[in-house]
Amino acid sequence: MTYSPFDNLPPLSQKEALQILSTPVSELKLVSDYYKAVFHLIKYPGRKTEKALLNLLESEDNDQAVLIAKRKAVEGLATLGSKSSIPVIGKCLKTSDPYLTENAAWALKVLNCNDNALHKVVIELLDDPSQNTRNLIQCLAGMKVYSAIEKIRTFLYNSNTSASIRGASIAA
């Protein structure tokens, strides 16, 4: 188990974290316990952890506390190097939560995703004004998605493009 100087949440064992994630949010004392459980579960790499994080991502629960935990679960699976989670993380690209979508794109980059169908979804997200375009461009570049070059290039020639998006486009 690893620790961080920024880890100021009350400690949980793997068993405790798994127990929290198997409890409906409505039965928890604090709705933030889901996030806390995911945060600590990432410290315990292995099949049980990955399975619990994937189960969370596949749940239909869209309670705010669950969405926040899902964002952390996507990050955790990427940090753990769970390439087998790429299809489930890819489904998170199509969520209505832009932060979960952003984390999913980042996770796919970290996992060196080479799934052309998922690349296409990320490229299509560039047209969605609710998404973080700069992050998506950086993720596409990180995954070496050459089919995105023309789409990314359009941001360079658009006078309404912000400096941060233009910079990401140039770097890509």
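The values are calculated or read from the model by the stated rules, or taken from the named source; none is laboratory data. Keep in mind it's a predicted model, so treat the numbers as computed, not measured. No Cβ is skipped: glycine too gets one built from the backbone with ideal geometry, and neighbour counts run over all protein chains shown. When the accessible area is computed, the model is the full protein with side chains, heavy atoms only, and any ligands, DNA or RNA have been set aside. Shrake-Rupley method; radii C 1.70, N 1.55, O 1.52, S 1.80 Å.
Details
- Applying the set (1) over 25 Å from residue 105 (Cα atoms); (2) open to solvent by 30 Å² or more (accessible area, probe 1.4 Å); (3) among the hydroxyl-bearing types (Ser, Thr, Tyr); (4) in contact with a helix residue (DSSP H, G or I) (Cβ under 9 Å, 6 or more places away or on another chain) to residue 26 leaves exactly one unmet item: (4).
- Residue list for the stretch 7-23, filter: open to solvent by 30 Å² or more (accessible area, probe 1.4 Å), farther than 14 Å from residue 51 by Cα and of a type outside the set (D, E, K, R): 8, 9, 10, 11, 13
For every residue, the table says whether it meets (1) under 25 Å from residue 31 (Cα atoms); (2) surrounded by 21 or more Cβ atoms within 10 Å (Cβ to Cβ).
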| position | (1), (2) |
| --- | --- |
| 78 | yes, yes |
| 87 | no, no |
| 91 | yes, no |
| 96 | yes, no |
| 103 | yes, yes |
| 106 | no, no |
| 117 | no, no |
| 126 | no, no |
| 130 | no, no |
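- Residue pairs meeting the criteria (Cβ under 9 Å; at least 6 apart or on separate chains; first under 15 Å from residue 107 (Cα atoms) and in a helix (DSSP H, G or I), in the stretch 140-152; second basic (Lys, Arg) and open to solvent by 20 Å² or more (accessible area, probe 1.4 Å)): 140/109; 140/151; 141/109; 142/109
- The numbered conditions (1) farther than 29 Å from residue 21 by Cα; (2) among the small types (Gly, Ala, Ser); (3) open to solvent by 80 Å² or more (accessible area, probe 1.4 Å) are all true for residue 162 except (3).
- In the stretch 133-155, residue nearest to residue 100 (Cα to Cα) [restricted to those that are in contact with a Ser or Thr (Cβ under 9 Å, 6 or more places away or on another chain) and open to solvent by 50 Å² or more (accessible area, probe 1.4 Å)]: 134
- Failed item, numbered, when residue 161 is tested on (1) out of contact with any helix residue (DSSP H, G or I) (no Cβ under 8 Å at 6 or more places or on another chain); (2) free of Cβ contacts under 8 Å to residues at least 12 places away in the same chain: (1)
- Residue satisfying condition, being hydroxyl-bearing (Ser, Thr, Tyr), in contact (Cβ under 8 Å) with a residue 12 or more places away in the chain and out of contact with any Lys or Arg (no Cβ under 8 Å at 6 or more places or on another chain), within set 23, 49: 49
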